[in-house]
Amino acid sequence: MCGIVGAVAQRFVAPILLEGLKRLEYRGYDSAGMAVLGQGNAIERQRVLGKVAGLEAVLNTNPLDGTLGIAHTRWATHGAPSTHNAHPHMARETVALVHNGIIENHGELREKLRAAGYEFSSETDTEVAVNQVHQFLAQGKDLLGAVQATAAMLEGAFALGVMCSDEPGRLIAARRGSPLVIGLGIGENFIASDVFALLPVTQRFIFLEDGDTADIRRQQITIYDANLQVVQRPESVSQLSPDAVEKSGYRHFMLKEIFTQALAVAETLEGRVQHGLLAPDLLGPQAESILRQTREVNIVACGTSYHAGLVAKYWLEGLAGIPCTVEVASEFRYRNPVVRDNTLFVTISQSGETADTLAALREARRRGFAHALSICNVPESSLTRESELVLMTRAGPEIGVASTKAFTTQLVALMLLTIALGRQHGMSDATERELVAALESLPGKINATLELNDAIAKLAEAFVNKHHALYLGRGAMYPIAMEGALKLKEISYIHAESYPAGELKHGPLALVDDEMPVIAVAPRNDLLEKLKSNLEEVRARGGQLYIFGDSQIAVPEHPSIHLTGIPAVHDAVAPIVYTVPLQMLAYHVAVLKGADVDQPRNLAKSVTVE
């Protein structure tokens, strides 16, 4: 989950690398570092504990001048956050390396290198790789050959950027499992963990495939596949503008991403509904036959995306009549699932690089699932390239670690999938039109809900000194309660749990007192009266109730009951709208507590390690 960036150019590269790190910091912010090839072809390095701003301050005093360089922002796996564990790592002052991923056999390699006379100054697995590269160089290989030989020895996932003082003007990149992209300039070229890092300098990119190694120079790029054969990888042109990853006047990225959800939803729907019905080519020309044959759906995802899958289970079974199972990716890949005929395997991921989800997709293919579909926000990601069918969410870049617009657009995409499957399995035109109309109403409903921002900010004051919170929902609102609890714990560090409201009396009720806020998600639907009974159980025990419900529902007037009225919305798409106020609540609580909203402790945005 670390972020790496590198450059080889005619101009000094430190400012490019520093800007790249700032744009990659959502991937990790435990420490940061940079190395450049300076005067006399000596590698000069600066590393700091903490965020990229700390590295910038050091570079302002002690600049690194050179036309070849690599840089890194770290999310710690092996070894605690510290300066000596920060990247780039070096071997005998001549080789520098940055790494994203986990090297699983680092212990075995470390002992062999120690026996050969190599010393280690960190607890990281990465230092094994840089010393191994140096050993191969000492045996007579050039830098490309040394990196390729090292990559062949490493077990696990990695993306590497490597440079050597003996070969100025040459940057070697290698990828297995972890994402890596090459940025193409004019007389200069770059590498990075994702395109966002390089948008200020290029919009032309090559996405490396698993097993690739790239020999990158100012005027030339040569790519080798896993068999060390020269290959051509297609060039892509990004449509993102450099300011797509700016705050644009908002205090935090998360706030910007909350407030741009209506636009993201509209973009996700654009061209996919026509004349009140689903566009026939939603998933491509082969999709109709695949969906007609589908008899079951198996959804696999992690974190917030898993919650989206849980909502989709209610939709797929209740609206399309398709049996659906939903699993956490890290659990699926290590069990022995029963593969039923004609099962559509659906993966959901914002980044398309989530290690467990990718591994689950590969395991599903190995086990013989009929077809695979990915719902993803990043074109050219590993997940989209490896899936048979793809449904992009079009949320745009999401920088805040706590997912907001990626989640709501995933739900929109899953409703589109529900309709697409339903029309192949008996869904009437009238039902389809009703659901499409509900989807088209979403941008307006979301914007109306966002008008509650000031009221929710005031409500958040009641949570600042709380240590625990309980979220309740019924039906498809239970996964929304799960998502609300996750948001609160992620960014405000308040312990929060979610339960189906009907389970309240089976244990969680024991926790309820006047210090335990209970947040309920209560749209007007067939389960509302049942939910009200559950809420009465809370009130009777002195609990403080915070209800996000339809503005027209009747609740008793009582000092312990706080109703935030949500605009009326079609029951089918209510989960999408009702997640918005829960996002705002978590955001404002975190701000009041002084937490780092965009970069919460111990977390990173893209989980590319197991």
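Table for the structure above
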item: Sum of -39500 (n - 2.57) over DSSP H runs of 4+, divided by residues of the chain (222 nm, nearest 500); result: -10500 deg cm²/dmol
item: Neighbourhood charge, 14 Å Cβ-Cβ cut-off, centred on L137 and excluding it, Lys, Arg +1 and Asp, Glu -1; result: -1
item: Sum of side-chain charges, I16 neighbourhood, beta-carbon under 14 Å (Lys, Arg +1; Asp, Glu -1); result: 0
item: Mean Cβ count within 10 Å, highest first, over the residues of peptides 330-338, 160-168, 386-394; result: 160-168, 386-394, 330-338
item: Among (i) 171; (ii) 156; (iii) 269, the entry that matches volume of the Cα convex hull per residue in Å³ as calculated here; result: (ii)
item: Residue-normalised accessible area of the chain, expressed per residue, 1.4 Å probe, Å²; result: 37
item: When each of K22/K112; K313/K445; K22/K593 is checked by Cα-Cα distance, pairs over 32 Å; result: K22/K112
item: For peptides 236-249, 298-311, 205-218, 41-54, sequence by mean Cβ density within 10 Å, most packed first; result: 298-311, 205-218, 41-54, 236-249
item: Cβ crowding within 10 Å averaged over residues, with 544-553, 89-98, 433-442 ranked highest first; result: 89-98, 544-553, 433-442
item: Counted charge near Y478, where neighbours are those whose Cβ lies closer than 11 Å (Asp, Glu -1; Lys, Arg +1); result: 0
item: Length added when fully stretched, N465-E288, from 0.36 nm per residue minus Cα-Cα; result: 58.4 nm
item: Protein accessible area in the chain, 1.4 Å probe - carbon and sulfur %; result: 48
item: 5 Å binning of all Cα-Cα separations within segment 452-523, expressed as whole percents from 0 upward; result: 3, 16, 26, 27, 19, 7, 1, 0
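The values are calculated or read from the model by the stated rules, or taken from the named source; none is laboratory data. Just so it is clear, the model here is predicted, and its values are computed rather than measured. Positions of Cβ are backbone-derived with ideal geometry, glycine not excepted, and every protein chain shown enters the neighbour counts. To get the accessible areas, we keep the full protein, side chains included, count just its heavy atoms, and leave off ligands, DNA and RNA. Shrake-Rupley method; radii C 1.70, N 1.55, O 1.52, S 1.80 Å.
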